[in-house]
Amino acid sequence: MQVTDALCNFLVALLGNRNVTWRSGHKTGKTTAFAVAALWFFCSFERACVPIVAVKEAQIDFGVYKELRRLHRGALIPIGGELHATCRGGLHEASDDRKVWGMTAQKPEGVQGISGPNVLVLVDEASGVPDPVLEAIGTSTAGSGGFVRKAYAGNPTRTSGGFYRSHHAEKANWFCLHTSSEDTPNARGATGADVVPGLAGPDWIAEWKANPGEDSPEYAIRVKGEFHSGAEGKVVAAEAINTAEALWDATAFEGQLQIGIDPAGDKTTNDETAIAVRRGLKIGTLLTWRGLTPDGIVENALALLESHRLPREARPRIALDAEGVIGIDVERALRARLLRDPEAFELVIVRGSKMPRQGGGSKYQLLRDEVWGEFRDWVEAGGAIPTRSKLRQDLNAPDFVNVLCKDGRERLSATPKKDLKKTLGRSPDEGDAATLSVYGWQSASTEADEAEAAAAAAATASPQVDDYDAPAMNPYDGLAVWGG
């Protein structure tokens with residue numbers, strides 16, 4: 001194992017301080033540092049108790065615990081103990097009940113009851129751990145008379161919560177560490193044996209400098225390891241996007257089914273057709289294609305709709321960006337399908353350059369601005385999105401500005417698409433599909449009620465011919481009645 005400055009700084013801080021908090025960019029060695037700390041504590045203290053806490057169990061299994069198992073197997077002096085395959089079983093020494101194991105941070109009750117004279121609590125990606133869980137963890141380190149330590153580590157993705165406060169309002173109670181991805185040995189030009197496998201390198205950092213840019217909130221958070229809300233003028237702040245990504249696994253995919261289609265032509269080279277599938281507060285699927293014809297777009301959209309549609313589910317929605325020639329062609333193809341089957345779906349046409357639905361009473365200048373505003377409201381209500389690099393960049397790109405309209409009123413206007421293309425170096429296809437999938441959203445409870453009512457109505461409706469299994473007919477059954 002190669003020892004880095006970041007690893008040494010963390011271990012020294014942990015040795016001399018009861019509470020240690022470490023913010024950093026990606027790939028700076030936090031995972032290895034946590035694994036080393038866990039094994040050190042396990043080997044050094046009688047009845048050692050080392051819970052590793054994270055939002056998801058898989059995060060521990062494929063992160064800190066995977067590294068811990070590697071170090072345990074490769075130790076020059078055998079560490080001992082029973083090493084299980086997953087963090088739930090952990091590393092256990094039965095002779096004095098020393099243990100290292102993983103715990104998920106979903107509910108406070110799940111992390112209460114940790115006790116012992118020697119306790120080290122390691123909280124991974126602490127920015128995403130809810131405050132009630134962090135408070136419950138604090139009770140586990142309240143004991144005295146032994147060796148008790150608590151450590152937070154993670155990327156600074158939120159400017160609120162316990163991890164943020166440990167570096168700001170509550171920093172007097174913490175030993176604070178900060179490591180930028182730019183400071184790893186690899187990023188500083190290490191060669192040969194000095195290169196540390198897995199740490200951030202110059203090529204990765206150069207990619208982030210090129211897109212989304214060195215001055216972007218994403219670069220500050222993901223590379224420099226700095227807290228940055230990214231909220232200044234943004235339609236959807238970087239912090240809100242991070243939260244929406246973190247919510248994805250735990251958010252139920254339920255409510256009314258709606259897909260958003262941002263179409264691209266079959267001859268475009270940079271644009272992609274993007275389709276997002278949403279129920280309630282979760283975008284469950286987002287797919288992209290290149291080179292589709294209008295009919296091909298419709299076929300893929302209806303196939304996605306069918307794969308997500310529940311038995312007897314009433315008409316789902318399709319929200320289509322019908323601005324431009326391609327959009328009009330796709331609209332024409334979808335309307336042709338509706339002529340054959342009017343109950344197949346509800347078609348919502350969105351032409352962004354038109355007036356918003358509320359007309360002059362709206363706080364938005366154009367319909368496109370209203371679509372973005374509704375998406376922001378949905379995210380603030382707890383909307384969850386899949387983790388995708390392009391989607392994250394697309395959603396954080398537009399700003400809202402106040403513009404003076406002809407009636408003398410100021411209204412909100414989002415950054416025009418042509419300007420977003422210049423900023424991103426491409427079309428914001430994934431972001432447009434995501435916002436369209438949310439367009440028309442009212443509230444999670446309203447959509448859930450509508451979906452439940454529609455399902456109940458479909459379940460009690462008269463069976464369709466295709467669903468009715470008619471008995472076999474015998475043309476001679478009536479002969480006895482007629483005396484035949």
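Output the residue which, of all residues in segment 296-308 that are under 25 Å from the mean Cα position of the chain (by Cα) and surrounded by fewer than 16 Cβ atoms within 10 Å (Cβ to Cβ), is nearest to residue 342 (Cα to Cα). If we take residues in segment 296-308 being under 25 Å from the mean Cα position of the chain (by Cα) and surrounded by fewer than 16 Cβ atoms within 10 Å (Cβ to Cβ), then 306 is nearest to residue 342 (Cα to Cα). The set of residues in segment 1-24 being under 11 Å from residue 174 (Cα atoms) and hydrophobic (A, V, I, L, M, F, W, C) consists of 13, 14, 20, 22. Would you mind stating whether residue 427 is assigned to a strand (DSSP E or B) and crowded, with 19+ Cβ neighbours inside 10 Å? So residue 427 fails the test. Cβ-Cβ contacts under 7 Å between residues 6 or more apart (or on different chains), taken from a first residue in segment 358-374 that is assigned by TED's automatic domain parsing to the domain that holds residue 434 and buried (at least 19 other Cβ atoms within 10 Å of the Cβ) to a second residue that is modelled with pLDDT of 95 or more and of a type in the set (S, T, N, Q), are listed as 371/435; 372/435. The residues listed here are 164, 219; of these, the one that is free of Cβ contacts under 8 Å to residues at least 12 places away in the same chain and within 21 Å of the chain's Cα centre (by Cα) is 219.
Only one of the listed residues (299, 313) is part of a helix (DSSP H, G or I) and more than 13 Å from residue 264 (Cα to Cα). That residue is 299.
Taking segment 58-79, which residues are farther than 17 Å from residue 92 by Cβ and of a type outside the set (Phe, Trp, Tyr)? Result: 58, 59, 63, 66, 67, 70, 74, 76, 77.
A residue that is in a strand (DSSP E or B), touching a Gly at 6+ places or on another chain (Cβ under 9 Å), of a type in the set (S, T, N, Q) and buried (at least 23 other Cβ atoms within 10 Å of the Cβ) occurs nowhere in segment 230-250.
Taking each residue of segment 86-99 that is free of Cβ contacts under 8 Å to residues at least 24 places away in the same chain and looking for partners that are of a type in the set (D, E, K, R) with beta-carbon atoms closer than 6 Å, six or more apart or interchain, yields 92/82; 92/99.
Let's see how each residue does on (1) in a helix (DSSP H, G or I); (2) not acidic (Asp, Glu):
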site	(1), (2)
22	no, yes
27	no, yes
42	yes, yes
67	yes, no
77	no, yes
87	no, yes
102	no, yes
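Evaluation of residue 432 against the conditions (1) crowded, with 21+ Cβ neighbours inside 10 Å; (2) acidic (Asp, Glu); (3) modelled with pLDDT under 90 shows that the sole unmet condition is (3). Taking segment 67-87 as the range and being surrounded by fewer than 18 Cβ atoms within 10 Å (Cβ to Cβ) and in contact with a helix residue (DSSP H, G or I) (Cβ under 7 Å, 6 or more places away or on another chain) as the test, the residues that pass are 71, 79, 83, 86.
Of everything in segment 25-60, what is modelled with pLDDT under 95, surrounded by fewer than 19 Cβ atoms within 10 Å (Cβ to Cβ) and within 24 Å of residue 197 (Cα to Cα)? Give them in sequence order. Within segment 25-60, 26, 58 qualify. Selection of first residues in segment 186-211 that are modelled with pLDDT under 90 and of second residues that are among the aromatic types (Phe, Trp, Tyr) and surrounded by 13 or more Cβ atoms within 10 Å (Cβ to Cβ), restricted to Cβ pairs under 6 Å at least 6 apart or on distinct chains, gives the following pairs, ordered by first then second residue: 208/219. When 273, 293 are checked against the criterion of being farther than 18 Å from residue 374 by Cβ, surrounded by fewer than 18 Cβ atoms within 10 Å (Cβ to Cβ) and hydroxyl-bearing (Ser, Thr, Tyr), a single residue qualifies: 293.
Selection of segment 135-150 for residues being out of contact with any Pro (no Cβ under 6 Å at 6 or more places or on another chain) and either closer than 21 Å to residue 161 by Cβ or modelled with pLDDT of 85 or more (or both) yields 135, 137, 138, 139, 140, 141, 142, 147, 148, 149, 150. Free of Cβ contacts under 8 Å to residues at least 40 places away in the same chain, under 19 Å from residue 394 (Cα atoms) and in a strand (DSSP E or B), is that true of residue 287? Judged against the criteria, residue 287 is a match.
The values are calculated or read from the model by the stated rules, or taken from the named source; none is laboratory data. Note that the coordinates shown come from a computational prediction; the quantities given were computed from them, not determined experimentally. Every residue, glycine among them, receives a Cβ derived from its backbone with ideal geometry; neighbour counts consider all protein chains shown.
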